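> Have a look at this one before I ask anything.
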Amino acid sequence: MTTVLQQSNTSVWSQFCNWVTSTNNRLYVGWFGVLMIPTLLAATTCFIIAFIAAPPVDIDGIREPVAGSLMYGNNIISGAVVPSSNAIGLHFYPIWEAASLDEWLYNGGPYQLVVFHFLIGVFAYMGREWELSYRLGMRPWICVAYSAPVAAASAVFLIYPIGQGSFSDGMPLGISGTFNFMFVFQAEHNILMHPFHMLGVAGVFGGSLFSAMHGSLVTSSLVRETTETESQNYGYKFGQEEETYNIVAAHGYFGRLIFQYASFNNSRSLHFFLGAWPVIGIWFTALGISTMAFNLNGFNFNQSI
């Protein structure tokens, strides 16, 4: 009887493993997904509840609570999940560390709950991207590209509070709170004069420019497959082998618009450039925030405050 039960349990576990790692599912789960799904669900649930109904938080630790939720007078623009209290500092502050739920809410406990689960979730999402690429025999560059926004989120939600000594210095989870974080960061560190921030601006704005240029060039050099009265989109069939646009025409146009060597003549190197430019720029911005987190302001052309 024991042997039969062990075989049955092994069989169920094997079925679960096969389901988790199967690429035939409508949505790939993966082992990273087993970690990602509950953490992102917890972060999202707590964020929504806190954004709507959380009581004011004593963010500065001076008994002057700041209201951030909709039920306490805010709107979608001004509302936020307020960072945990300066009285908590860098201490890990789960619900069971507080004397009561009211105390936990007053000290901004939901902020830590959301941020920690969110960061674990996005780290796991990045791992899940690698895992699915591995299962499908693809190259791993999708998760490498995703590491840029992950690095940026880690910088403002984790590295900066650690460097400053308190999670109260983390970025609030709201629209106005984000801009307030930016203003305070500039006032305290003068990050606009930091070369890493300048590289980030070049990466984001340059990436937008290159994306618009690429999209408009491709759209303008589509191979005609439809009549004037039909949408050009009907000229493409998913999975077709032939090119849907004329890269030679696009190369010739752009080469004459600026100069010959400003235009890529290799589709693979072009798309690598489109992916690498904004990613590298955002990496540098995350590095800039992470260095200034520890008040290393001297890198910004001696313009430190």
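The values are calculated or read from the model by the stated rules, or taken from the named source; none is laboratory data. Note that this is a predicted model, so its numbers are computed, not measured. Reconstructed Cβ throughout: ideal geometry from the backbone, glycine too, with neighbour counts over all protein chains shown.
> Just checking, does the stretch 177-184 include any residue being in contact with a Ser or Thr (Cβ under 7 Å, 6 or more places away or on another chain) and either at pLDDT below 95 or not aromatic (Phe, Trp, Tyr) (or both)? Outline the logic, then answer.
Restricting attention to the stretch 177-184, the residues satisfying the condition of being in contact with a Ser or Thr (Cβ under 7 Å, 6 or more places away or on another chain) are none.
For the stretch 177-184, residues in contact with a Ser or Thr (Cβ under 7 Å, 6 or more places away or on another chain) and either at pLDDT below 95 or not aromatic (Phe, Trp, Tyr) (or both): absent.
> Scan (1) assigned to a loop (DSSP other than H, G, I, E, B); (2) more than 30 Å from residue 160 (Cα to Cα) for the single condition residue 252 breaks and write down its number.
Among (1) assigned to a loop (DSSP other than H, G, I, E, B); (2) more than 30 Å from residue 160 (Cα to Cα), the lone unmet condition for residue 252 is (1).
> Here is a follow-up. Can we say residue 44 is free of Cβ contacts under 8 Å to residues at least 60 places away in the same chain, over 19 Å from residue 113 (Cβ atoms) and part of a helix (DSSP H, G or I)?
No: the conditions fail for residue 44.
> Touching a strand residue (DSSP E or B) at 6+ places or on another chain (Cβ under 9 Å), of a type in the set (Val, Ile, Thr) and either loosely packed, with under 14 Cβ neighbours inside 10 Å or modelled with pLDDT of 95 or more (or both) - does that describe any residue in the stretch 30-43?
no
> Tell me, which residue of the stretch 172-191 that is among the aliphatic types (A, V, I, L, M) and free of Cβ contacts under 8 Å to residues at least 40 places away in the same chain is farthest from residue 89 (Cα to Cα)?
182
> Out of the residues in the stretch 18-36 meeting the condition of being outside any loop (DSSP other than H, G, I, E, B) and without any contact (Cβ under 8 Å) to a residue 60 or more places away in the chain, tell me which one is farthest from residue 114 (Cα to Cα).
Filtering first and then ranking leaves 18.
> On to the next question. Name the pairs whose Cβ atoms lie under 6 Å apart, with the first residue in the stretch 121-146 and modelled with pLDDT of 95 or more, the second of a type in the set (D, E, K, R) and assigned to a helix (DSSP H, G or I), and 6 or more positions between them or separate chains?
Pairs found: 142/129; 143/129; 146/129.
> In the stretch 287-300, how many residues are surrounded by 22 or more Cβ atoms within 10 Å (Cβ to Cβ) and in a helix (DSSP H, G or I)?
Of the residues in the stretch 287-300, 3 are surrounded by 22 or more Cβ atoms within 10 Å (Cβ to Cβ) and in a helix (DSSP H, G or I).
> Scanning the stretch 87-118 for residues that are touching a helix residue (DSSP H, G or I) at 6+ places or on another chain (Cβ under 6 Å) and surrounded by fewer than 19 Cβ atoms within 10 Å (Cβ to Cβ), which turns out farthest from residue 24 (Cα to Cα)?
98
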